[in-house]
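Chemist: One structure coming up, written as structure tokens, with questions to follow.
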Amino acid sequence: MREFATLGKRKAVLGMIHLQPLPGTPFHQEGSLSQILDTAVQSARALYEGGADGCLVQTVDRVYTTADKSDPARTAAMALIVRAIADATGEDFQVGVQLMRNALRASLAVAKVAGGSYIRAGALVGATLSANGLVQADPLAVMEYRKKIGAMGVKVIAEVDSMHFRWFGGDKTTAEVARAAKYVGADAVSLCHPDDDTTLEIIAAVRQAVPGLPVFLAGHTNHDNAARLLAAADGAFVGTCLESGGWGGTIDVEKVKAYVGIVRTLDS
């Protein structure tokens, strides 16, 4: 099994691989799975050849249940895609799984069985409003399942303040959410804000509240601000700025090389 042994030890560039709707979802186009798989592998290869540390394979199925569950056909399709990516890349290339909105146990299962090394959790603690309703975390069920299938080696990166998660109810700071996420078993947290200065302030607050906890940027980075933001963070999930034609486009290996080159200077 791949292991994210460098988590928190060197700055990680993790490229986003956004999947078209999978089988078992309302907007899946019959017969498109082969094309979805091929495109995902091509994207992963571009990231790998461009020097990225890994990828996050993420569903974009348009509508979701808010419960921690996934249609069996959808989970099986994700496993096929993740396995194909793992086979097409090197052992040091980290493959992440995120079955949206919050199918954490299915994501853990896919990562464990198909060759992934981590998952990103939309809501590991607390709750967050979404277009599909209120997403409520169940960390006990997640950690029990993680233990049951022997997936403690699969790292969990928990979103604590991003486009996918905003703490619902009460007045809890991002630093407090990060502390709670670590307490229930998160190995790292991810966060972002459209304003760079605000992002840096949030990172500093999390660092102070939870020393040693790796912090990833959940979005809003590009070739212009990567040096500044990643000087403060341990890694970033990177999407649009690596794609030709914007979000959902083909990953451009030259754009990956340029972004990675900026980040690698920060490790020296």
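Chemist: Find the residue count for region 112-134, including only residues that are assigned to a loop (DSSP other than H, G, I, E, B) and under 18 Å from F93 (Cβ atoms).
Modeler: Start the filter on region 112-134 by keeping residues that are assigned to a loop (DSSP other than H, G, I, E, B), which leaves 115-117, 122-126, 131-132.
Pick out the ones that are also under 18 Å from F93 (Cβ atoms) and you get 115-117.
Residues flagged as assigned to a loop (DSSP other than H, G, I, E, B) and under 18 Å from F93 (Cβ atoms) within region 112-134 amount to 3.
Okay, residues lined up against (1) of a type in the set (S, T, N, Q); (2) at pLDDT 95 or above; (3) closer than 15 Å to I17 by Cα; (4) under 18 Å from the mean Cα position of the chain (by Cα):
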{"residue": "L213", "(1), (2), (3), (4)": "no, yes, no, yes"}
{"residue": "F216", "(1), (2), (3), (4)": "no, yes, no, yes"}
{"residue": "N225", "(1), (2), (3), (4)": "yes, yes, no, no"}
{"residue": "D234", "(1), (2), (3), (4)": "no, yes, no, yes"}
{"residue": "E243", "(1), (2), (3), (4)": "no, no, yes, yes"}
{"residue": "G248", "(1), (2), (3), (4)": "no, no, yes, yes"}
{"residue": "K257", "(1), (2), (3), (4)": "no, yes, no, no"}
{"residue": "I262", "(1), (2), (3), (4)": "no, yes, no, no"}
{"residue": "S268", "(1), (2), (3), (4)": "yes, no, no, no"}
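Chemist: Would you mind finding the one in A175, A181 that is in contact with a Lys or Arg (Cβ under 9 Å, 6 or more places away or on another chain), under 27 Å from S117 (Cα atoms) and outside any strand (DSSP E or B)?
Modeler: Details: A181 fails: in contact with a Lys or Arg (Cβ under 9 Å, 6 or more places away or on another chain).
So the residue among A175, A181 that is in contact with a Lys or Arg (Cβ under 9 Å, 6 or more places away or on another chain), under 27 Å from S117 (Cα atoms) and outside any strand (DSSP E or B) is A175.
Chemist: Something else: Which condition number does V184 fail, the rest of (1) modelled with pLDDT of 95 or more; (2) more than 19 Å from the chain's Cα centre (by Cα) being met?
Modeler: Just one mismatch for V184, condition (2).
Chemist: Also: Looking at V82 and the list (1) open to solvent by 50 Å² or more (accessible area, probe 1.4 Å); (2) under 18 Å from G15 (Cβ atoms), which single condition is not satisfied?
Modeler: For V82, the failing item is (1).
Chemist: Would you mind stating whether T66 is open to solvent by less than 60 Å² (accessible area, probe 1.4 Å) and free of Cβ contacts under 8 Å to residues at least 60 places away in the same chain?
Modeler: no
Chemist: Would you confirm, using the coordinates I've provided, whether M163 is surrounded by fewer than 23 Cβ atoms within 10 Å (Cβ to Cβ) and modelled with pLDDT under 95? Full working, then the answer.
Modeler: Numbers: surrounded by fewer than 23 Cβ atoms within 10 Å (Cβ to Cβ): yes; modelled with pLDDT under 95: yes.
So M163 fits the description; yes.
Chemist: Residues A73, A40, A44: which one is at pLDDT 95 or above and open to solvent by 10 Å² or more (accessible area, probe 1.4 Å)?
Modeler: On the way: A40 fails: open to solvent by 10 Å² or more (accessible area, probe 1.4 Å); A44 fails: open to solvent by 10 Å² or more (accessible area, probe 1.4 Å).
Exactly one of A73, A40, A44 is at pLDDT 95 or above and open to solvent by 10 Å² or more (accessible area, probe 1.4 Å), namely A73.
Chemist: Residues to consider are A84, A137, A111; find the one that is of a type in the set (A, V, I, L, M) and within 19 Å of Y183 (Cα to Cα). Full working, then the answer.
Modeler: Numbers: A84 fails: within 19 Å of Y183 (Cα to Cα); A111 fails: within 19 Å of Y183 (Cα to Cα).
Residue meeting the stated conditions: A137.
Chemist: Go through (1) loosely packed, with under 15 Cβ neighbours inside 10 Å; (2) in contact with a Phe, Trp or Tyr (Cβ under 7 Å, 6 or more places away or on another chain) for A188 and report which single condition fails.
Modeler: Of everything listed in (1) loosely packed, with under 15 Cβ neighbours inside 10 Å; (2) in contact with a Phe, Trp or Tyr (Cβ under 7 Å, 6 or more places away or on another chain), A188 misses just condition (1).
Chemist: Also: May I ask you to list the residues in region 1-37 that are outside any helix (DSSP H, G or I), over 22 Å from A236 (Cβ atoms) and open to solvent by less than 60 Å² (accessible area, probe 1.4 Å)?
Modeler: Residues satisfying the conditions are P21, L22, P23, G24, T25, H28, S32.
Chemist: If you check M152 against the conditions, is it assigned to a loop (DSSP other than H, G, I, E, B) and within 12 Å of the chain's Cα centre (by Cα)? Let's see the steps before the verdict.
Modeler: Values: assigned to a loop (DSSP other than H, G, I, E, B): yes; within 12 Å of the chain's Cα centre (by Cα): no.
Criteria not met by M152.
Chemist: Taking region 63-94, which residues are within 27 Å of T128 (Cα to Cα) and in a loop (DSSP other than H, G, I, E, B)?
Modeler: V63, Y64, T65, T66, A67, D68, K69, S70, D71
Chemist: For region 209-255, what are the residues that are closer than 24 Å to H164 by Cα, among the β-branched types (V, I, T) and either in contact with a helix residue (DSSP H, G or I) (Cβ under 9 Å, 6 or more places away or on another chain) or not in a helix (DSSP H, G or I) (or both)?
Modeler: Of everything in region 209-255, those that are closer than 24 Å to H164 by Cα, among the β-branched types (V, I, T) and either in contact with a helix residue (DSSP H, G or I) (Cβ under 9 Å, 6 or more places away or on another chain) or not in a helix (DSSP H, G or I) (or both) turn out to be V210, V215, T221, V238, T250, I251.
Chemist: Could I ask something else about it? So for region 196-211 (the condition being open to solvent by less than 50 Å² (accessible area, probe 1.4 Å) and closer than 25 Å to G115 by Cα), does at least one residue qualify? It would help to see each step written out before you state the result.
Modeler: Step one: filter region 196-211 for residues open to solvent by less than 50 Å² (accessible area, probe 1.4 Å), giving 196, 198-200, 202-203, 205-206, 209-210.
From what's left, closer than 25 Å to G115 by Cα: none.
Within region 196-211, not a single residue is open to solvent by less than 50 Å² (accessible area, probe 1.4 Å) and closer than 25 Å to G115 by Cα.
Chemist: Given the structure, is S130 closer than 21 Å to G185 by Cβ and either surrounded by fewer than 24 Cβ atoms within 10 Å (Cβ to Cβ) or within 12 Å of the chain's Cα centre (by Cα) (or both)?
Modeler: Numbers: closer than 21 Å to G185 by Cβ: no; either surrounded by fewer than 24 Cβ atoms within 10 Å (Cβ to Cβ) or within 12 Å of the chain's Cα centre (by Cα) (or both): yes.
Spelling it out, it is not the case that S130 is closer than 21 Å to G185 by Cβ and either surrounded by fewer than 24 Cβ atoms within 10 Å (Cβ to Cβ) or within 12 Å of the chain's Cα centre (by Cα) (or both).
The values are calculated or read from the model by the stated rules, or taken from the named source; none is laboratory data. Treat the numbers as computed from the prediction; the structure is a model and nothing was measured. Please note: Cβ atoms are built from the backbone with ideal geometry, for glycine as well, and neighbour counts cover all protein chains shown. Heavy atoms of the whole protein, side chains included, go into the accessibility calculation; ligands, DNA and RNA do not. Shrake-Rupley method; radii C 1.70, N 1.55, O 1.52, S 1.80 Å.
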